[in-house]
1. Just to be sure I understand, how many residues within region 166-190 are more than 16 Å from the chain's Cα centre (by Cα) and under 26 Å from Ala72 (Cβ atoms)?
2. Can you tell me which residues in region 55-73 are in contact with a strand residue (DSSP E or B) (Cβ under 8 Å, 6 or more places away or on another chain) and of a type in the set (Gly, Ala, Ser)?
3. Do any helices (runs of 4 or more DSSP H) entirely within region 1-63 hold 3 or more residues that are among the polar types (S, T, N, Q), and if so, which?
4. Can you find a residue that is farther than 28 Å from Lys51 by Cβ and in contact (Cβ under 8 Å) with a residue 24 or more places away in the chain anywhere in region 139-149?
5. Could you identify the single residue in Lys177, Lys225 that is modelled with pLDDT of 95 or more, in contact with a Ser or Thr (Cβ under 9 Å, 6 or more places away or on another chain) and charged (D, E, K, R)?
6. Go through region 101-140 and give me each residue that's of a type in the set (Asp, Glu), away from the ligand (no atom under 15 Å from the Cβ) and assigned to a helix (DSSP H, G or I).
7. Residue by residue through region 50-78, note down the ones that are of a type outside the set (S, T, N, Q), within 16 Å of the ligand (Cβ to nearest atom) and either in contact with a Cys (Cβ under 8 Å, 6 or more places away or on another chain) or more than 27 Å from Asp141 (Cα to Cα) (or both).
8. Can you tell me which of Val152, Val134, Val62, Val97 is in contact with a Leu (Cβ under 8 Å, 6 or more places away or on another chain) and either over 25 Å from Ala231 (Cα atoms) or modelled with pLDDT under 95 (or both)?
Amino acid sequence: DVMKELLGLRHLEMSLSQQLGVKQVLVVAGDSDEDSWVKREMGRACIGELKARLRPKDVVAVMGGTTLAAVAEMMTPDTQTREVVFVPARGGLGEQVENQANTISAEFASRAKAQYRLLHVPDQLSEEAYTSLVLEPSVQDILKLIKSASTVIHGIGDAQMMAERRDSSGSFIDKLKREEAVAEAFGYYFNRAGQPIHKQRTIGLQLDDLGEHKYVISVAGGRSKAEAIAAYMKYRPSDVLITDEAAARSLLRVP
Ligand code: F6P
């Protein structure tokens, strides 16, 4: 697209793809830390990618966060979306209702005129509660569906910011600092080398489930997320990264 060439975004996409080892990178103009419309632009790009791949009866697992909420807002119905099933990738992770994976998956489905299933899991689960909950037949059913997802769409956050947003304890936040956590995705915290160093206990997709056969779309932008994006991509380079110009420039250290 001519506009992208003119803005130099194409060049950022190619350089980032090389630097991060991500097959496909899409960069939209702007900085989502500064302007909220940038998240919707990333959303538009994400929906384009999603629709190009979707087949009827596909299961799409989505994560929570404000970026994914903006992505869902950009969804529109299409012939191939009607039989698609949207599910939350993981259970409660301490987000406000509008930013929870459950809510966002229902929003995707309602805008796509597609199907959805909910996963009801409280945010703070003791080990005992977790162990008995996963054995519930209704939970087992939806878990099977979630694990069968062909496509996963998720956000990435800065580790400290996410711990604070989740009202984590001071001692946990200190621990993250000590262990130099920089990124958060799927309820896992990662250090700069992309090693997962802490996991929030909840039901749903675990990192190990993101095998090669799953098509993973990451959506994350804003200068403040550059380090988090780089760290997470070291763990598992996504099939598609959708980001913005500010994050891209910071990652590539170009002013
Ligand atoms: O809490 C869900 C989640 O997807 C996290 O895994 C991620 O770090 C965060 O939301 C991203 O949130 P936002 O898009 O609001 O920055």
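The values are calculated or read from the model by the stated rules, or taken from the named source; none is laboratory data. What you see is a predicted model, and the numbers here were worked out from it, not measured in a lab. So basically every Cβ, Gly included, is an ideal-geometry build from the backbone, and we count neighbours across all protein chains shown.
1. Residues that pass the stated criteria total 3.
2. Across region 55-73, the qualifying residues are Ala61, Gly64, Gly65, Ala72.
3. 9-20
4. Yes, the conditions are met somewhere in region 139-149.
5. Lys225
6. Glu127, Glu128
7. Ala70, Val71, Glu73, Met74 - these are the residues of region 50-78 that are of a type outside the set (S, T, N, Q), within 16 Å of the ligand (Cβ to nearest atom) and either in contact with a Cys (Cβ under 8 Å, 6 or more places away or on another chain) or more than 27 Å from Asp141 (Cα to Cα) (or both).
8. Step by step, each of Val152, Val134, Val62, Val97 is checked, and only Val134 is in contact with a Leu (Cβ under 8 Å, 6 or more places away or on another chain) and either over 25 Å from Ala231 (Cα atoms) or modelled with pLDDT under 95 (or both).
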